[in-house]
1. Can you find a residue that is under 17 Å from GLY42 (Cβ atoms) and open to solvent by 60 Å² or more (accessible area, probe 1.4 Å) anywhere in the stretch 72-94?
2. Would you be able to tell me the number of residues in the stretch 24-79 that are among the hydroxyl-bearing types (Ser, Thr, Tyr) and assigned to a loop (DSSP other than H, G, I, E, B)?
3. Please state which one of LEU121, LEU99 is under 11 Å from the mean Cα position of the chain (by Cα) and surrounded by 12 or more Cβ atoms within 10 Å (Cβ to Cβ).
4. When only residues in the stretch 102-118 that are of a type in the set (A, V, I, L, M) and over 15 Å from VAL39 (Cα atoms) count, which is surrounded by the most Cβ atoms within 10 Å (Cβ to Cβ)?
5. Only one of ALA62, ALA68 is surrounded by 11 or more Cβ atoms within 10 Å (Cβ to Cβ), more than 30 Å from ALA30 (Cα to Cα) and either at pLDDT 95 or above or in contact with a Pro (Cβ under 9 Å, 6 or more places away or on another chain) (or both). Can you tell me which?
6. Here is a list of conditions, (1) open to solvent by 50 Å² or more (accessible area, probe 1.4 Å); (2) under 18 Å from the mean Cα position of the chain (by Cα); (3) modelled with pLDDT of 90 or more, and LEU126 meets all of them except one; can you say which number that is?
Amino acid sequence: MGKYRDVLGQVLRLALIVAVCVAVMFGVYALLGRFDRKVLLGGLIGGGIAVGHFLFLSITIARALDRAAEDSDPARLQLSIQASTGIRLLFIAVVLILLFRADICDPVAAMIPLLFAQFALKFIDLLRAGKGDDKP
């Protein structure tokens, strides 16, 4: 667990920024008079998917780096990361399609948090660059 402390710290920072962005999104929906249960579920599900995707991506890369120290075949490690990414994205797409088809959540409210995660990553990188921290 100790070797994943940095990964968990990054995921926590991302989760906090995504949560703030989702709360702002809820506020915008409320101001427009369109906030309802489907928007709430969409925002929570989308935020959870975004953070979960980043968590699994981070763990996959951390494990690949650990294996890289033991293995001398970088092509195999790269293929492992690419396969994991493809499987994760396919899983996310299937889950979202099923949720949308079942009319469980608002599609826009579920997709926007995925963009918030990208914003959060850029924001975290910007803060890290401003502090002069070179750690990933």
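1. yes
2. Going through the stretch 24-79, the residues among the hydroxyl-bearing types (Ser, Thr, Tyr) turn out to be 29, 58, 60, 72.
Still in the list and also assigned to a loop (DSSP other than H, G, I, E, B): 72.
Here the count works out to 1.
3. Just a single option satisfies the conditions, and that option is LEU121.
4. As a first pass, look at the stretch 102-118 and keep what is of a type in the set (A, V, I, L, M): 102, 104, 108-112, 114-115, 117.
Next, from what is left, pick out any that are over 15 Å from VAL39 (Cα atoms): 115, 117.
Numbers: LEU115: 13, ALA117: 21.
Only one residue tops the list, namely ALA117.
5. Values: ALA62 fails: either at pLDDT 95 or above or in contact with a Pro (Cβ under 9 Å, 6 or more places away or on another chain) (or both).
On inspection, the qualifying residue turns out to be ALA68.
6. The one condition LEU126 does not meet is (3).
The values are calculated or read from the model by the stated rules, or taken from the named source; none is laboratory data. Because the structure is a prediction, the values reported are computed rather than measured. For neighbour counting, all protein chains shown are included, and Cβ atoms are generated from backbone atoms with ideal geometry for every residue, glycine included. SASA here: full protein model, heavy atoms, side chains in, ligands and nucleic acids out. Shrake-Rupley method; radii C 1.70, N 1.55, O 1.52, S 1.80 Å.
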